[in-house]
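Accompanying notes for the structure given below.
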Amino acid sequence: MTSKKSLKPFLRALNGETQSVPPIWLMRQAGRYLPEYREVRASANGFLDLCYSPEKACEVTLQPIRRYGFDAAILFSDILVIPHALQQKVWFVEGEGPKLEPLKDAGDLSILKPDAVLGHLQPVFETVAKLNAALPIECALIGFAGAPWTIATYMIEGGSSRDFAKTKLWSYRDPDGFQRLIDIVVEATASYLIAQIDAGAQALQLFDSWAGALDEHGFRRWSIAPAKRIVDIVKSRHPDVPIIGFPRGAGPAYIDYAAETGVDAVSLDQGVPVAWAAQALDKSVTLQGNLDPMALLAGGEQLDRAVDHIIDGFASRPHVFNLGHGIIKETPPEHVTRLVERVRRSRS
Ligand code: 1CP
């Protein structure tokens, strides 16, 4: 038995412990803002090749840990490996982002091959195992996946989108067919996350990056309900592995998400007022966030002030310091150094 005290600071926060200095990691902490990432990226045969090369994926995961000593590392992969593992065509175009051969309607669901998922993702599990052996003892390893709604938007739009028109129209016009797609993604995601834990992941994050596009009913059915099912399935196998939910842009619906999905923590985007979240969200849930990535890009004293506001606002609750969304690729690496120093000097 590990006692609570012996846990890594990040896992202690997810276990409900309030700490005078919150643990810190950043969404997209491995990536193009780091010259050492760009170098490894250039040596790979495209972005997906990097995700499926355990040695290289392990290396880029470790880079921000070496530079900044973050309290957690996040597995280097992408949320779109799930559609890819379901045998949908997925590719990345330099400077444009992800492309998928889009699903047009429920008739296209037969393209998807749930039985292929775990076999396809073996290299990712190998990366997790390598990381588990390579990480410093105080640094936790986070596994992750996209949430079904967000994954469905890419599968239906065929890439990034501004208004998610095709996905929303499908969900309104054919909710039963859309539910079948969500169910396929729920099952694939739950087995993927369980396999990440089996390989050595110590916590999980579920990214619902486009949850903010849903209306009230849609949020309940396509964000809360699938997250709850994934949490239930994963916890039935691994009850002690904490799960962070990130329903980005949910606004006041963060209250229901935190109370109903069974997650151990919610990650807050920068639009959520700190004082409101600290008092309104279920007290059994750890809060993660929520520095504006643009404040980090800007740097300077405004950055210090924004950091202090977040630290002070969450001081009475278990808190993990993070951004409200992924780090912006133009961010100077020295600004991240300044951020980490500021967080760690708080209340010392
Ligand atoms: O060429 C490159 O280097 C591509 C840039 C890149 C990187 C570094 C992409 C393409 N994905 C990633 C890695 C990644 N993606 C990680 C692991 C690295 C880390 O966090 O340190 C994670 C957790 C993700 C998750 C991810 N991918 C999300 C959810 C989080 C979020 O930012 O909202 C989403 C939406 C994606 C899709 C994706 N992957 C990449 C791009 C350009 C996009 C599209 C984003 C969009 O539609 O706006």
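Tabulated values for the structure
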item: Length added when fully stretched, MET294-ARG66, from 0.36 nm per residue minus Cα-Cα; result: 79.7 nm
item: Inter-label distance for SER236 and SER160, nm, one decimal - labels placed 7 Å from Cα along Cα-to-Cβ; result: 3.8
item: The stretch 285-312-the stretch 188-257 distance, computed between alpha-carbon centres (Å); result: 24
item: Per-residue [θ]222 nm for the chain (sum of -39500 (n - 2.57) over DSSP H runs n ≥ 4, rounded to 500); result: -13500 deg cm²/dmol
item: Alpha-carbon Rg/Rh ratio, for the stretch 283-348, with Rh computed the Kirkwood way; result: 0.97
item: 0 to 90° range, to nearest 10: angle between helix 225-237 axis and the chain longest Cα axis; result: 70
item: Cα radius of gyration and Dmax for the stretch 141-290 (Å); result: 14.8, 41
item: Ranked list, fewest to most other Cβ atoms within 10 Å of each Cβ, for SER160, SER191, SER171, SER223; result: SER160, SER191, SER171, SER223
item: Size descriptor, Kirkwood hydrodynamic radius, that averages inverse alpha-carbon separations across the stretch 1-133, Å; result: 17.0
item: For THR286, residues with placed amide H under 5 Å, excluding near neighbours; result: ALA265, VAL266
item: 5 angstrom amide H check on GLY159, placed H, neighbours 5+ away; result: LEU100
item: Packing-based order for 127-137, 38-48, using average beta carbon neighbours within 10 Å, highest first; result: 127-137, 38-48
item: Cα-based Kirkwood hydrodynamic radius, the stretch 75-206, one decimal, Å; result: 15.5
item: All lysines inside 23 Å of LYS104 as judged from Cα atoms, apart from same-chain residues fewer than 8 positions distant; result: LYS89, LYS113, LYS166, LYS168
item: Dipole magnitude of the stretch 4-345 about its Cα centre (Cβ charges: Lys, Arg +1; Asp, Glu -1), debye to nearest 20; result: 400
item: Inverse of mean 1/r across different Cα pairs in the stretch 53-105, Kirkwood, Å; result: 13.3
item: As computed over the stretch 4-345, the Cα convex hull volume per residue (Å³); result: 121
item: Surrounding net charge for LEU100, when Lys and Arg each add one and Asp and Glu each subtract one, Cβ distance under 10 Å; result: 0
item: Dipole of the chain, positive direction: furthest Cα of ALA73, GLY313, TYR154, with charges on the beta-carbon; result: GLY313
item: Inter-probe distance in nm under a simple model that places probes 7 Å from Cα toward Cβ, at ARG305 and GLU94; result: 4.2
item: 5 angstrom amide H check on ASN322, placed H, neighbours 5+ away; result: GLY289, ASN290, LEU291
item: Rounded to 5, percent antiparallel among DSSP beta bridges of the chain; result: 15
item: Net length gained if the chain between ILE137 and LYS283 were fully extended (0.36 nm per residue, minus Cα distance); result: 49.7 nm
item: Gain in span if fully extended, TYR172 to ASP108, counting 0.36 nm per residue against the direct Cα distance; result: 21.3 nm
item: Normalised contact order of the chain, rounded percent, pairs of Cα under 8 Å and 6 or more residues apart; result: 21
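Readers should treat all values here as calculations from the given coordinates under stated rules, not as data from a laboratory. The structure displayed is predicted, hence computed values, not measured ones. So basically every Cβ, Gly included, is an ideal-geometry build from the backbone, and we count neighbours across all protein chains shown.
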